[in-house]
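Values quoted throughout were computed directly from the atomic coordinates according to the rules given, and no laboratory measurement underlies them. Everything numeric in this text was worked out from a predicted model, so none of it was measured. As a convention, Cβ positions derive from the backbone with ideal geometry for all residues, glycine included, and neighbour counts pool all protein chains shown.
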Amino acid sequence: MPKRKAFVSPSVADLKRLLDLREKIEALEAELEATLRGAAGSSKQKGSGRGKAKLSPAARERMAAAQRARWAKVKTSKEERTSYAKGAKRSGRRKLSPEARERIGAAHRGGKAAAHKAKVSIDGPKPPKKN
């Protein structure tokens, strides 16, 4: 093992020189960070960008009135589209027309008939019974 040197306390002049070197190192590190941030295109630097625009109360009120008008237009057109909006209450379930019910029934009956012709149930073939 190498021998350790005895600790010698530095002189005041050496301490001042070390302090100056530390300050120079910190300044160079700050400059390096600023340069790297600038090269990366960071928009967080001071002075970049326009900042947040301040709107006058009158401008904000005009924008709010326009938004209220847009919502009123959406709401009235939605009410006009629904038939139950004019006082008639809507029942819990919607009713199918007789034509639609007939089409669904025909498709269902056709599916069962095809399954019976093929001697296979709709659920698939049944497994054999165990004794």
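The length gained by stretching the chain between residue 130 and residue 74 to full extension, at 0.36 nm per residue less their Cα-Cα distance, is 13.6 nm. Each residue, residue 17 and residue 94, gets one label point 7 Å from its Cα in the Cβ direction; the gap between the two is 9.0 nm.
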